[in-house]
Amino acid sequence: MTATAETSFPRLGCGIGLRREHYAYILEHWPALDWFEIISENFLVPGGRPLWVLDQVRERYSIVMHGVSMSIGSSDPLDFGYLRALQKLAERVRPAWVSDHLCWTGVGSRNAHDLLPLPYTEETIAHVARRVRTVQEVLERPILLENVSSYLTYRDSVLCEWDCLGEIARRAGCFVLLDVNNVYVSAFNHRFDPLAYLRAVPAERVVQFHLAGHTDNGTHLLDTHDHPIIEPVWRLYEEAVRRFGPLSTLIERDARIPEFPEVAAEADRARQIQRSVAEAERRRHREPSRDPAATLAPDQRA
């Protein structure tokens with residue numbers, strides 16, 4: 001049987017990113033939250049308070065590892081030292097899954113410290129799929145790739161981003177972390193229909209959603225994770241839940257981080273949206289047939 005998101009991964013509910021600013025609150029209150037996502041690179045250390053806190057948290061909550069340094073699309077060789085460290089952390093944390101981004105972060109051993117988009121070509125698909133298969137062999141598990149926000153395109157691109165993402169997932173046997181805010185940001189910046197993106201991504205490959213805020217600069221949007229989630233992104237998320245189901249959803253906040261309850265409230269809103277979509281589906285299936293012929297007397301029917 002072909003592996004799918006539904007058969008390969010649990011649905012964790014709604015969670016938030018584990019951030020240093022919230023350590024004290026979490027350890028004191030052990031809030032009613034479904035799960036936490038960690039930035040893997042923050043814990044690739046031999047010891048210290050972050051790892052100690054993580055050990056306490058993972059005893060009570062599900063954990064997901066999310067990286068920013070794999071640079072899966074670069075032409076540089078894969079960093080096997082980094083991958084072995086990632087595997088070691090995964091053995092310690094026992095995450096529900098490991099994810100990173102469909103991007104490149106540098107070339108020639110120089111790090112741009114940004115998640116840079118790729119040209120969407122057949123060559124890119126073949127290159128990235130091959131590297132993903134190698135990564136999965138080292139980590140001994142399938143990974144998730146996240147769509148990034150972008151602010152430029154390449155003249156060489158002949159495919160849509162969503163087609164490239166879906167084809168890489170199919171060929172590599174990996175899965176998708178669908179960042180709804182990134183879809184919204186890129187759609188605004190490049191003037192495409194965000195719903196077209198949702199319709200095109202293969203549903204059987206999508207495991208998780210990200211939600212975040214961004215900065216509106218008028219002519220363009222920046223994915224900054226330092227604002228509350230805006231209403232159009234919430235509406236797009238609702239459409240994503242309708243298409244893909246109530247997948248594990250993560251609220252990202254990485255700058256201007258507010259108190260824990262404010263971030264947790266956004267996770268609660270995501271949970272409420274999932275429930276309302278599920279209830280609407282149940283009502284739809286309970287409604288009687290809307291076939292006009294069903295209301296006609298037998299002698300009036302064709």
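Overview of values
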{"quantity": "Residue in region 30-40 that is over 22 Å from F175 (Cβ atoms), surrounded by 14 or more Cβ atoms within 10 Å (Cβ to Cβ) and modelled with pLDDT of 95 or more present", "calculated": "yes"}
{"quantity": "Answer residue from region 3-43, given it is touching a strand residue (DSSP E or B) at 6+ places or on another chain (Cβ under 8 Å) and of a type in the set (V, I, T) and is nearest to Q272 (Cα to Cα) among those", "calculated": "I16"}
{"quantity": "Residue tally, condition outside any loop (DSSP other than H, G, I, E, B), in contact (Cβ under 8 Å) with a residue 12 or more places away in the chain and of a type in the set (A, V, I, L, M), over region 1-44", "calculated": "6"}
{"quantity": "Among (1) touching a residue at least 60 places away in the same chain (Cβ under 8 Å); (2) in a loop (DSSP other than H, G, I, E, B), the one test that V64 misses", "calculated": "(2)"}
{"quantity": "Test: L165 is out of contact with any strand residue (DSSP E or B) (no Cβ under 8 Å at 6 or more places or on another chain), part of a helix (DSSP H, G or I) and modelled with pLDDT of 95 or more", "calculated": "no"}
{"quantity": "All positions within region 225-247 that are outside any loop (DSSP other than H, G, I, E, B), of a type outside the set (A, V, I, L, M) and in contact (Cβ under 8 Å) with a residue 12 or more places away in the chain", "calculated": "P232, W234, Y237, E238, E239, R242, R243, F244"}
{"quantity": "Among the candidates R131, R141, R171, residue that is surrounded by fewer than 18 Cβ atoms within 10 Å (Cβ to Cβ), part of a helix (DSSP H, G or I) and in contact (Cβ under 8 Å) with a residue 12 or more places away in the chain", "calculated": "R171"}
{"quantity": "Any chance L115 is touching a residue at least 40 places away in the same chain (Cβ under 8 Å), closer than 30 Å to D156 by Cβ, surrounded by 12 or more Cβ atoms within 10 Å (Cβ to Cβ) and of a type in the set (A, V, I, L, M)", "calculated": "yes"}
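Yes/no per residue for (1) modelled with pLDDT of 95 or more; (2) loosely packed, with under 14 Cβ neighbours inside 10 Å; (3) of a type in the set (K, R):
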{"site": "N217", "(1), (2), (3)": "yes, yes, no"}
{"site": "I229", "(1), (2), (3)": "yes, no, no"}
{"site": "L247", "(1), (2), (3)": "yes, no, no"}
{"site": "I273", "(1), (2), (3)": "yes, no, no"}
{"site": "H285", "(1), (2), (3)": "no, yes, no"}
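The values are calculated or read from the model by the stated rules, or taken from the named source; none is laboratory data. Being a predicted model, the structure only gives us computed values, none of them experimental. No Cβ is skipped: glycine too gets one built from the backbone with ideal geometry, and neighbour counts run over all protein chains shown.
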